[in-house]
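Colleague: Pasting in a structure now, in structure tokens, and then I'll have a few things to ask.
The values are calculated or read from the model by the stated rules, or taken from the named source; none is laboratory data. A quick note: this is a predicted structure, and the numbers were derived from the prediction, not measured. Positions of Cβ are backbone-derived with ideal geometry, glycine not excepted, and every protein chain shown enters the neighbour counts.
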Amino acid sequence: MLYCSGHLQAAVRVLENVERRYHSKVKAVCAFIVKEGERDLKVFANMLAGNKEEGISEPPFVYCVRFVRQESYCTPAILLFEMNRNNTEEEVAQRDYTDKLWMDSAEVDARPFLHYLQYLTYGGLGERDKQLHVMEVLEAYIDIRNQLNLYHPETALNLLGHCYEMEGDYAGALHWYEWSLRCERTNNAANWHVLRIMRLISG
């Protein structure tokens, strides 16, 4: 037990350090999905200049977190569903070239994933107040007003839904999984999650 606790304490320190470094000047970017205007060189030049003025020496960008199938053994269980996000062959056929590059992997925005890992580690340590707080932070971050800053909003919503599921709030979990489906109806692991939750509610 002490062994596990020590590892969780170390994980908390790493995650808190990452959160401190993920300041307001850090821009999320994705290797596969491009948002309108983000490739404008002036935008990146202004960000670099702003960081220099504030004495920030680290690059102001963070990529999405990606787990490939060969990393399944160390992928959080809920993200394994993302590697099998399709329900039918018809859904696979709907993928365009870019989708095919990443949809067989688990791809998630860095900040929602950070808060999800914090939720797990605080929960493992029994630090309930911090766990509930970081869940609120995750929910606030993926609020509809911020979804323009997310490259994989459906996956972030699935993580939030899983937090509610772990809380035993199946109605809340279903709400967020269904919200995820509003972002992406097909090729979305939320289709599996909704089926699971419906079985839990009816059982």
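Colleague: Which ones in the range 176-190 are of a type outside the set (Val, Ile, Thr), out of contact with any Lys or Arg (no Cβ under 8 Å at 6 or more places or on another chain) and closer than 19 Å to residue 86 by Cβ?
Modeller: Once the filter is applied, which keeps residues that are of a type outside the set (Val, Ile, Thr), out of contact with any Lys or Arg (no Cβ under 8 Å at 6 or more places or on another chain) and closer than 19 Å to residue 86 by Cβ, the range 176-190 yields 177, 178, 180, 181, 182, 183, 184, 185, 190.
Colleague: So, residue 168, is that one assigned to a helix (DSSP H, G or I), under 20 Å from residue 117 (Cα atoms) and of a type outside the set (A, V, I, L, M) or not?
Modeller: no
Rundown of residues vs (1) touching a Pro at 6+ places or on another chain (Cβ under 8 Å); (2) modelled with pLDDT under 95; (3) surrounded by fewer than 15 Cβ atoms within 10 Å (Cβ to Cβ), yes/no style:
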position: 135; (1), (2), (3): no, no, no
position: 140; (1), (2), (3): no, yes, yes
position: 160; (1), (2), (3): yes, no, no
position: 171; (1), (2), (3): no, no, yes
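Colleague: Please determine, by comparing only the residues of the range 188-203 that are buried (at least 16 other Cβ atoms within 10 Å of the Cβ) and small (Gly, Ala, Ser), which one is farthest from residue 96 (Cα to Cα).
Modeller: 190
Colleague: Could you check how many residues of the range 80-106 are buried (at least 19 other Cβ atoms within 10 Å of the Cβ), touching a helix residue (DSSP H, G or I) at 6+ places or on another chain (Cβ under 7 Å) and either in contact (Cβ under 8 Å) with a residue 60 or more places away in the chain or part of a helix (DSSP H, G or I) (or both)?
Modeller: Result for the range 80-106: 3.
Colleague: For the range 80-123, enumerate the residues that are of a type outside the set (Phe, Trp, Tyr) and more than 19 Å from the chain's Cα centre (by Cα).
Modeller: Result: 87, 88, 89, 90, 91, 92, 93, 94, 95, 96, 98, 100.
Colleague: Quick check on my filter: what residues within the range 86-112 are of a type in the set (A, V, I, L, M, F, W, C), within 19 Å of residue 67 (Cβ to Cβ) and modelled with pLDDT of 80 or more?
Modeller: Across the range 86-112, the qualifying residues are 102, 103, 106, 108, 110.
Colleague: Count, please, the residues in the range 188-203 that happen to be assigned to a helix (DSSP H, G or I) and among the small types (Gly, Ala, Ser).
Modeller: 2
Colleague: Pick from the range 173-182 the residues that are surrounded by fewer than 17 Cβ atoms within 10 Å (Cβ to Cβ) and in contact (Cβ under 8 Å) with a residue 12 or more places away in the chain: which of them is nearest to residue 107 (Cα to Cα)?
Modeller: 178
Colleague: Does residue 185 satisfy being surrounded by fewer than 18 Cβ atoms within 10 Å (Cβ to Cβ) and part of a helix (DSSP H, G or I)?
Modeller: Against the criterion (surrounded by fewer than 18 Cβ atoms within 10 Å (Cβ to Cβ) and part of a helix (DSSP H, G or I)), residue 185 does not qualify.
Colleague: Since residue 126 meets every condition but one in (1) among the small types (Gly, Ala, Ser); (2) assigned to a helix (DSSP H, G or I); (3) surrounded by fewer than 21 Cβ atoms within 10 Å (Cβ to Cβ), which condition does it not meet?
Modeller: (2)
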